[in-house]
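Trainee: For reference, the structure I am asking about is given below.
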Amino acid sequence: MFRGNVEHTLDAKGRLSIPAKLRELLLGKGDERIVITNFTVGGSRCLDVYPIHEWVHLEEEIRKKPAFDSRMVVLQNYYLGGASECVVDKQGRILIPPSLREYANLKRDVVLVSALGKFRVWDRETWKKVFAEAEDKLMQDPDLLGGLGL
């Protein structure tokens, strides 16, 4: 399980050095492959990063759904269609494909944010905005989380 967030930087080639604690979670099953795909929250773009075993589980769950349901087609076109399998190199880095860096408007400064069995990569300025919007919603509606049964 991923927890919290970590500020980090991309190098000039678009490589992201995965912090040791996240790398252990990503590679815990002995497989250096990960899957990166596009995601959006309230109109703000980021990337979802999955350990390969979590991605395979997601694919298995999607396979169980009605293939011609229009929502599933949208999910497949957007989420699966944008996915890229990557390998964590010996220095603990991943090369984020240019198309995904462009999609999420990733520059040099990024934030890795937990999302349970995966983490998200945000442009630092975009993350600040998204976080502030979430905080505002919680301040306006303190019962917001209560509706989730937490």
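Trainee: Within the range 18-61, how many residues are among the small types (Gly, Ala, Ser) and modelled with pLDDT of 95 or more?
Mentor: Selection size over the range 18-61: 1.
Trainee: Identify all residues within the range 1-17 that are modelled with pLDDT under 90 and either surrounded by 12 or more Cβ atoms within 10 Å (Cβ to Cβ) or touching a helix residue (DSSP H, G or I) at 6+ places or on another chain (Cβ under 7 Å) (or both); write none if there are none.
Mentor: If the condition is that a residue be modelled with pLDDT under 90 and either surrounded by 12 or more Cβ atoms within 10 Å (Cβ to Cβ) or touching a helix residue (DSSP H, G or I) at 6+ places or on another chain (Cβ under 7 Å) (or both), then PHE2 is the only one that fits.
Trainee: Go through the range 13-51 residue by residue and tally those that are within 13 Å of the chain's Cα centre (by Cα), of a type outside the set (Gly, Ala, Ser) and within 20 Å of TYR79 (Cα to Cα).
Mentor: Selection size over the range 13-51: 16.
Trainee: Still on this structure: Looking at the range 22-40, I want the residues that are acidic (Asp, Glu) and have a partner that is part of a strand (DSSP E or B) and surrounded by fewer than 18 Cβ atoms within 10 Å (Cβ to Cβ) with Cβ atoms under 8 Å, at least 6 apart or on another chain. Which pairs are those?
Mentor: Close Cβ pairs satisfying both conditions: GLU32/VAL87.
Trainee: Just give me the residues in the range 66-118 being at positive phi and touching a Phe, Trp or Tyr at 6+ places or on another chain (Cβ under 8 Å), in sequence order.
Mentor: The initial filter retains those residues of the range 66-118 that are at positive phi, namely 92, 105, 116.
Answer for the range 66-118, where residues must be at positive phi and touching a Phe, Trp or Tyr at 6+ places or on another chain (Cβ under 8 Å): just LEU116.
Trainee: Now a separate question. Considering the range 14-41 alone, what residues qualify as being among the basic types (Lys, Arg) and in contact with a Leu (Cβ under 7 Å, 6 or more places away or on another chain)?
Mentor: Step one: filter the range 14-41 for residues among the basic types (Lys, Arg), giving 15, 21, 23, 29, 33.
The answer is ARG15, and nothing else.
Trainee: SER114 is checked against (1) in contact (Cβ under 8 Å) with a residue 12 or more places away in the chain; (2) of a type in the set (Ser, Thr, Tyr); (3) farther than 22 Å from ALA20 by Cα and fails just one. What number does that condition carry?
Mentor: It fails just one condition, (3).
The values are calculated or read from the model by the stated rules, or taken from the named source; none is laboratory data. Everything quoted here is computed from the prediction, not taken from an experiment. Positions of Cβ are generated from backbone atoms using ideal geometry, with glycine treated the same way; all protein chains shown enter the neighbour counts.
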